[in-house]
Structure formats: structure tokens, C-alpha cells
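Take a look at the structure set out below.
The values are calculated or read from the model by the stated rules, or taken from the named source; none is laboratory data. All of these numbers come straight from a predicted model, not from anything done at the bench. Quick reminder, even Gly has a Cβ in these numbers, built from the backbone with ideal geometry, and neighbours come from all protein chains shown.
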Protein chains: 2
Amino acid sequence: MLKRERHELIMRQINLHNRVLTTDLVDLLQVSEDTIRRDLQELCEHQKLLKVHGGALSRSYQSAYDDNAIYARDAKIAIAKKAISLIKDGMVILTGGGTTIIELVKQLPVNLKATFFTISPFVAIELTKYDGIEVILIGGIFSKNSKVTYGSHVISQLAGINADLCLIGTSAIHPQNGLTDTDWEINELKKAMFHCAKSVAILCISEKLNSTLRLKVAGLENIHYLITELSVREEVLKAYLAKGLNVY
Amino acid sequence: MLKRERHELIMRQINLHNRVLTTDLVDLLQVSEDTIRRDLQELCEHQKLLKVHGGALSRSYQSAYDDNAIYARDAKIAIAKKAISLIKDGMVILTGGGTTIIELVKQLPVNLKATFFTISPFVAIELTKYDGIEVILIGGIFSKNSKVTYGSHVISQLAGINADLCLIGTSAIHPQNGLTDTDWEINELKKAMFHCAKSVAILCISEKLNSTLRLKVAGLENIHYLITELSVREEVLKAYLAKGLNVY
DNA sequence: ACCCAATCTGCGTGTTTATGCGGGTTTTTG
DNA sequence: CAAAAACCCGCATAAACACGCAGATTGGGT
């Protein structure tokens, strides 16, 4: 095994999984730990990867967006963990975009077997880390604001999909006014997404509860699950429970 | 055993296995190590292979290496700048994925008015920075390896597109063998892309010139522009000019 | 056929590179 | 805070390499 070959293989692993463990490489390449360490060190010096304790990480697409810059990240992770309990092997899942959904994807169990349809390239990219997940990116006009695909072409494609679960973030939710938002095109999109899934889960950080925006997306009767970072016993959630939602 | 014969045989081994060990060649060709070393050195100078400690590798077998961003970045920027001269306001442009294309997008003039179709989420995301550019992301199964959408759904959508220019990177190009690659699905995709554009430009860093992989994508007659970081007067480009390509 | 120059090849010598191992140190984790 | 894992450092060694030189081969030119 030539050194350069090892480097190639290591880089391939990195590109594939975005991370490698030293021990895995020892096993895979049948050389000593020291050699792997030296390889990683060299590749790191050449800026090909990021060496960390225990292995190495991909350097390429940390840039997509900054982990630490996400607003209310802890809350979103808490939401993600709850939402995952709705996901089972073999499901067909439809997702929107947004940082909450991305956090959810990052928390998925590594050996999950499922099919994800998404309108968000960021979500799609994140999902490629999971070997057991088939990712279908729904194409269309790409929105410069919300960074998802939209437009009639997306909606007509959605019509052909029959998902088990639709996971979607929201800008505002209210016990009486239901789900509301500001962008008409995106609203049409969300309506279409709701129609093609057996059940719909809304992921929503608590500060967006009980707020209303200009345009109505859907009433609460179209929604099956509401997932926030709060405990179910919180006062603010009572009104939603009363409306018949499953609140987590 | 003539030198030329040895060189032929070495290249055959390289094309077959993507790698050779010096010691194996000594055994196979029944000559001294020094001779083999000199052979490899010479072939390396003629850009036929990549000499490494212990043997040599195929020039095209460095795919994973430079996929990862910064490698040969300057060359890719140079390529990008040349490629931009092909782009005019009002054009409909179809692009593939890969770091070279992303560099190109980064170099685009800020006030360009155009429509971009792309199969790469990364390219789409990068393009959203330009107000004057409409971005259509073509949807389909999302490839974990090459990070582009592919499959029959993509191909059928491509059929409805009529682009002015198709910009695409490549893994290997050769004066006789044309464009070649390793992944059958991606090859079919590239073929479909070529068919729906009036002209096709290949972006290719020089070290991928004169290399060949397993599967044929297209002959040079399907390609209109070849863009590398080299000057047109370079020796390696002669063969492509002779084939009638516009070489930049 | 002969010679000469150019090239090619193999060998000896000294150098560099790649790798694994032992022992001590740091980081992680429960 | 202690065990385990991962790490770093120096050393030994074998393989690969570079370089100079001499003999062998080749390919015209006369």
C-alpha cells in the first residue's frame, strides 16, 4: 500500500462521511496507528482535512453555515430530539428548510433507514452523511431568501408524493389563527406539502407560539403534531392541546 | 526489451490497475530497479503518470484528492476567469457540480443577468448571492458521492430545457478517447446535459488532460470549448486544437 | 564492415523516506 | 480522579531513492 494511495482513500472516506476515526482507518488500511496519524497530520498540513483528537473531519463544507451562529440552538436541538421519536425505519418523510430541520437531521440515528424528500439543499447535503437514507431533492426555482426550491414546478412534483410524515418549521403559530407566514409563494408551497403527507409535524421554538403574521397557511386542524422545546405541562401549550394537537 | 516496449507495458499496467509498484515492474520486466525508476521518471515528466515513493499512480486516480476544495485552487480560479468570457447577459446556462464550477460562480460579475439551471445544490447556494441571476435547481435523487442530483427524473427534466451554454467539469479528458469517467449514472446525466445545450464547455485543470477512465461520456466532437489554466500555446493542448476545439 | 557518438543499462555507494515499536504524556470519559 | 484511549517523540530498520561511473547497445555515416 503506497502512502499516496492511503491518502487518496482517506480523503475518499472524508468526502463520503465528513469524518473518519483513526482506529477505523487502521482497520481499513491495515497499517499501524502511527502511520495513520502521520498521514492525517500530513493531509492536515496540506489543508486537505481538519485533524481532531481521534480522527479527522472534512474541511470542505463547514462553510455552508456557521454552527455557532444559529439562534436558540439549544432549544432547536431539544426540539430535534423530540421530533426524532416520530421517525421510524422505512418511513417516507417530507421536510422543509430552516435551521430547526437541519438540527433535526444532525441528530438522526446513524443507522436509520428511510427516504427523505426535501425542498432544501442544505437539508439534502446534511442527509448525505447517512448511508441508510435515500435523499430526493425536489427541484424548482431556488429562493434567494428562504434557500428552498419553490414555484409551480415544485408543487406539481409534490402532488406525486405520498409521505408518511411532513416535518416543517414555522414563523408563527396561534391557537385561533393557526399557521401564518409572510411570503405568499412559500405559503402555497407549505399548503401543498401538508396535502401530500399522512401526518404533519410543526417544529417551533416557544417564542414563536401565539404570534400571527399576515398570510394564513393552514388552520391547526391540518396539523397533527406540535413540537417545542417546552414541557407539555407549560401553560402556554394548553390552548394547543385543547385544539386536539399532539404536543411534545 | 526496448525502452519503448517497457513504457507501453507500464502504461498498460497503470491503466489497468491505476497503480504500479516499482518492485513488481522489476519482476515483470526483468530489469534493474534503476531502469524502472528512470522509466517512471521519464513517464512522469511526460505527464503520463504520477510518480510516488514506491511506484506510480494513474494521473486520473487522484479524483478524491482535488475534489476537496483548496487543491489547485489558483488553477481553478484562472479557469473560472476564462470561462466567464463565454457568459453574456440574458443567457440560459446549465451547469454541473464540482469545485471548478463553484469557483466560476464566485468569480461571476455581480450585475450579470442570466438564468442558471444546475444539478448541484452547492452551485445553487452560491448563485443566490447574485440578485440578477435566476436559479433553478433540478431535482432528483441526491448522490452521496458526487453531491449532485441524478437519475431518470433529472434526465427527463433536462429534456425540457434548452440552454445556450453547458458548463461542466470533468474527471478525465483525452484527445482520442474523449471525455471519460467512472460512474455510469453520472455519465448518463452528463450525456443528457450535453444534448440540451447549444454549446458545451469543459472546464479542466491541466493535470487531468490526457488521462482516461473506464467509461466514455462523449467524444470531443460533442464539445465546443475546452478551458484550462494553461496558455493556448502549451504543447499538451495542440492535440485538442487539432480536433477542432476552441481552447482557452 | 567499421567506427563514433549517443543512449541505455546495471552496479556500488551513500542518502532519504516510510514505517513500526517502546515509553512517556495528554485528552477523554465514566 | 482514575482508567482507557489517543497522542507525541525518538529510535531502529528496511525499503526506496539518487548519483556517478563503466560496460553494453544502438544507430547512423563513411
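Some notes on this structure:
- Answer from B:Met1, B:Met11 - the residue that is among the aliphatic types (A, V, I, L, M), surrounded by fewer than 18 Cβ atoms within 10 Å (Cβ to Cβ) and within 13 Å of DNA strand C (Cβ to nearest atom): B:Met1
- Verdict on A:Ser156 being surrounded by fewer than 17 Cβ atoms within 10 Å (Cβ to Cβ), assigned by TED's automatic domain parsing to the domain that holds A:Lys81 and within 21 Å of A:Ile79 (Cβ to Cβ): no
Let's see how each residue does on (1) touching a Gly at 6+ places or on another chain (Cβ under 9 Å); (2) β-branched (Val, Ile, Thr):
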{"position": "A:Ala114", "(1), (2)": "yes, no"}
{"position": "A:Phe122", "(1), (2)": "yes, no"}
{"position": "A:Ile125", "(1), (2)": "no, yes"}
{"position": "A:Ile133", "(1), (2)": "no, yes"}
{"position": "A:Ile141", "(1), (2)": "yes, yes"}
{"position": "A:Val148", "(1), (2)": "yes, yes"}
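- Per-region count, the range B:149-200, residues over 26 Å from B:Asp89 (Cα atoms), aliphatic (A, V, I, L, M) and under 16 Å from the mean Cα position of the chain (by Cα): 5
- Any hit, the range A:133-154, residues being facing chain B (nearest Cβ under 9 Å), farther than 19 Å from A:Lys190 by Cα and touching a residue at least 60 places away in the same chain (Cβ under 8 Å): no
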